[in-house]
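So the structure is just underneath, and the comments pick up after that.
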Amino acid sequence: MYLLLAAHADGAALQELTAGGAPHPDAATPRVISAAELPGVVRQLEKRRPRWIWHRTQDWYPSLLAAGVELERCYDLTLCGAILAHSEFTAHTSYARNAEKLTLDDELQQPPQALLPPPPPADQDALFDDPGFRRAPRHTPEELREEFAAQQAALGDAGAAIPADNRQQRLQLLLAAESAGAMIAAEMQRTGVPWREELHEQILFDYLGPRPPQGHRPAKLEALNGALRQLLHSPALNPDSPQELMRALHRNGIEVKSTRQWELKESTHPAIEPLLEYKKLSRLHAANGWTWLDAWVKDGRFQPEYVVGGVVSGRWASRGGGALQIPRQIRGAVHADPGHKLIVADASQLEPRVLVALAQDSKMAEAARDKDLYAGIAAQGFGGDRAKAKVALLGAIYGATTGESGRLMPQLARTYPRAVGFVEQAAREGEAGRTVTTRLGRSSPPPSEGWLRSQQSATAEEQRRADSLARSRGRFTRNFVVQGSAADWAACWLAELRRRLRAMRTDGLPAGELVFFLHDEVMVHCPQDAVADCIVAIEGAANAAKELLFGRIPVEFPVSVAVVDSYDKAK
DNA sequence: CTTCCCAGCGCG
DNA sequence: AAAGCGCGCTGGGAAG
């Protein structure tokens, strides 16, 4: 059952559609529902387990959640439209050809915000107090219905070219997973990561000293700054200025081309150690210090905004608070509530395993049967040297050309011609200006106009520049197929896990809540007596994701699970 | 004063 | 050990 929810001047318009996107015979015209009665109506209709169709999940779902209405599944027209408009699986359809003049405005990205406190938790009326909501709806119900019908038609044609390839099922799975991801993002933002402010403050005190007045350096940084000024004979030095710092280093005979950590480490000058310490602490203070704590943690929860579809590869991005960059230093502040545990689960070595499955490299699959894939590869082709094997494989996925990683490539290619050939092929597609596609059908963006123009350059100098741009794009497409297919896997893992956790709740069992997701890692906050069942759900979902993407293949996707009180104890 | 870009570094 | 992919955020600094 498909139910379209569209904005309406008086609240919402609701219409039942067929799977193809036509109005259901019993619902020729949409039903208008006032804002006040919407949550109740939606709650009632949810009992029939519909798929809710809407322009953007983030416009509807947060307010429904705030009103206490949780839904099972949806279809996000914006996210799905973006996939269908660019996917190679639908490139031959009129939907893709008309993508330039999409009926929907694709404002996936909102203007970037400065560091602002997170919005207060929405209450039941928030949706309807929002002046944006009271504006004339951007799309009529009929426009949204037609958009859904067009997307369904494109999906229906996805398998036409190569039916045996299951392209239609794969793309359908991707659309469902992406829409589920949008719901999970809204739910996780509402729930938030359990964050103990007093533990965070203790960490800051230990590293930096007491909280300084606004705009001042903490004591430890001030002391390091004093030492640096002496050691570098620069009494007014501000080490936060790369230019000043560079000049001071040069004055003291430290000939670096940048002030990056790894380059500074080359020097043995006595100022280097305090300088690196200063940089580390200064970063903590600026990015995750007291100001961050004030702005982002409230009532024991960190509630970041996730941006589903924010990365071309299908990974999520985030907005505000740097949610996907929580440094190890402060992970001790992420702490389970009393009587609860954090389950931190991580798909080990996900990208190499995805490469094995994509390339169907049976030799590498033998190595991937081991819990430690790098050790398996080391045994097969690198004389047992695990570090070498890891650098070589990651280099193949990233497109390393120089350094140890680049030198190891021929050795890797000899042992695993299929796996290496797969990423090499993806690189060649990109260099030639073509697009590449993930397992489930998300395609890389086409090259820009400027890139295409650069490839027709005349002079030798221009040609060198063009070749460099081509190789750069090749590294991007090389990585895209692996990173993007790993994101496909992770989206299915997450959606499957949500389904299983919801089932536990429906069965009246104690169940955990998803509170964090980071590319190949999930965190579940969970009552102690639900831990065992949650782990079963996490592992079952991982296996389900593998079979959804690749069928029954002899490649393991092991999940490493840690049950901890605080995040720093995981890994 | 605001706006934009860069260098640097955090995460995977 | 080295600098190959994808992001967001900060402070500095130049430009308007």
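The values are calculated or read from the model by the stated rules, or taken from the named source; none is laboratory data. The structure presented is a predicted model; accordingly, all values stated were derived computationally and were not measured. Cβ sites come from the backbone with ideal geometry, for glycine too, and all protein chains shown count toward neighbours.
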Within the stretch A:250-262, the residues that are within 13 Å of DNA strand B (Cβ to nearest atom) and either closer than 21 Å to A:LYS280 by Cβ or touching a helix residue (DSSP H, G or I) at 6+ places or on another chain (Cβ under 9 Å) (or both) are A:ILE254, A:VAL256, A:LYS257, A:SER258, A:THR259, A:ARG260, A:GLN261, A:TRP262
Residues satisfying the stated conditions in the stretch A:39-50, i.e. touching a residue at least 40 places away in the same chain (Cβ under 8 Å) and surrounded by 11 or more Cβ atoms within 10 Å (Cβ to Cβ): A:PRO39, A:LEU45, A:PRO50
Expected output for the stretch A:416-439 (first residue more than 26 Å from A:ALA466 (Cβ to Cβ), partner polar (S, T, N, Q) and buried (at least 21 other Cβ atoms within 10 Å of the Cβ), Cβ below 7 Å, 6+ apart or cross-chain) is A:THR438/A:SER485; A:ARG439/A:SER485
Scanning the stretch A:268-291 residue by residue, those more than 13 Å from DNA strand B (Cβ to nearest atom) and in a loop (DSSP other than H, G, I, E, B) turn out to be A:THR268, A:HIS269, A:PRO270, A:ALA271
In the list A:GLN528, A:GLN483, which residue meets the criterion of being more than 20 Å from A:TRP316 (Cα to Cα), touching a residue at least 40 places away in the same chain (Cβ under 8 Å) and out of contact with any Cys (no Cβ under 6 Å at 6 or more places or on another chain)? A:GLN528
In the set A:SER485, A:SER457, A:SER472, which member is within 16 Å of DNA strand B (Cβ to nearest atom), more than 19 Å from the chain's Cα centre (by Cα) and either in a helix (DSSP H, G or I) or at negative phi (or both)? A:SER472
Does A:GLN303 fit the bill of being in contact (Cβ under 8 Å) with a residue 60 or more places away in the chain, polar (S, T, N, Q) and either within 11 Å of DNA strand C (Cβ to nearest atom) or on the phi < 0 side of the Ramachandran plot (or both)? yes
Criterion: touching a strand residue (DSSP E or B) at 6+ places or on another chain (Cβ under 7 Å) and surrounded by 23 or more Cβ atoms within 10 Å (Cβ to Cβ) - qualifying residue of A:LEU412, A:LEU393, A:LEU440, A:LEU497: A:LEU497
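Listed here are the residues, each with its yes/no results for (1) on the phi < 0 side of the Ramachandran plot; (2) of a type outside the set (A, V, I, L, M, F, W, C); (3) crowded, with 20+ Cβ neighbours inside 10 Å.
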residue	(1), (2), (3)
A:ALA27	yes, no, no
A:ILE53	yes, no, yes
A:SER63	yes, yes, yes
A:THR78	yes, yes, yes
A:ARG97	yes, yes, no
Quick check, is A:GLY403 buried (at least 21 other Cβ atoms within 10 Å of the Cβ), within 16 Å of DNA strand B (Cβ to nearest atom) and on the phi > 0 side of the Ramachandran plot? no
Of the residues A:GLU539, A:GLU556, which is of a type in the set (Asp, Glu) and outside any helix (DSSP H, G or I)? A:GLU556
For the stretch A:311-347, how many residues are in a loop (DSSP other than H, G, I, E, B) and either surrounded by 17 or more Cβ atoms within 10 Å (Cβ to Cβ) or within 13 Å of DNA strand B (Cβ to nearest atom) (or both)? 12
Considering each of A:ALA396, A:ALA427, A:ALA387 in turn, give the residue that is under 28 Å from A:TRP489 (Cβ atoms), within 29 Å of the chain's Cα centre (by Cα) and within 16 Å of DNA strand B (Cβ to nearest atom). A:ALA396
For a quick check of your reading of the model, give me the residue pairs whose first member lies in the stretch A:265-287 and is farther than 11 Å from A:ASP240 by Cα, whose second is part of a loop (DSSP other than H, G, I, E, B) and of a type in the set (Gly, Ala, Ser), with beta-carbon atoms closer than 8 Å and at least 6 apart or on different chains. A:HIS269/A:GLY253; A:ALA287/A:GLY322
Taking A:GLY474, is it crowded, with 17+ Cβ neighbours inside 10 Å, farther than 23 Å from A:LEU548 by Cβ and not polar (S, T, N, Q)? yes
Filtered residue count, the stretch A:133-182, keeping only those that are of a type in the set (S, T, N, Q), outside any helix (DSSP H, G or I) and within 23 Å of A:VAL308 (Cβ to Cβ): 0
Hey, among A:PRO212, A:PRO235, A:PRO239, which residue is under 19 Å from A:LEU264 (Cβ atoms) and part of a loop (DSSP other than H, G, I, E, B)? A:PRO239
Quick one: A:ALA295 ticks every box in (1) assigned to a strand (DSSP E or B); (2) away from DNA strand B (no atom under 12 Å from the Cβ) bar one, so which box is it? (1)
Identify the single condition in (1) away from DNA strand B (no atom under 14 Å from the Cβ); (2) surrounded by fewer than 16 Cβ atoms within 10 Å (Cβ to Cβ) that A:LYS265 does not satisfy, given that it satisfies every other one. (1)
Under 8 Å between Cβ atoms, at least 6 apart or on separate chains: pull out the pairs that start in the stretch A:224-248 with a residue that is in contact (Cβ under 8 Å) with a residue 24 or more places away in the chain and end on any residue that is basic (Lys, Arg) and within 12 Å of DNA strand C (Cβ to nearest atom). A:ASN225/A:ARG217; A:PRO239/A:LYS279
Residues located in the stretch A:251-265, provided they are within 8 Å of DNA strand C (Cβ to nearest atom) and either farther than 15 Å from A:GLU277 by Cα or of a type in the set (D, E, K, R) (or both): A:ARG260, A:GLU263
Residue check, A:GLN202 against (1) at pLDDT 80 or above; (2) out of contact with any helix residue (DSSP H, G or I) (no Cβ under 6 Å at 6 or more places or on another chain); (3) under 30 Å from A:THR18 (Cα atoms); (4) surrounded by fewer than 22 Cβ atoms within 10 Å (Cβ to Cβ), all met but one. Which one? (3)
Of all residues in the stretch A:500-532, which are buried (at least 17 other Cβ atoms within 10 Å of the Cβ) and part of a helix (DSSP H, G or I)? A:ARG500, A:LEU501, A:MET504, A:ALA530, A:VAL531
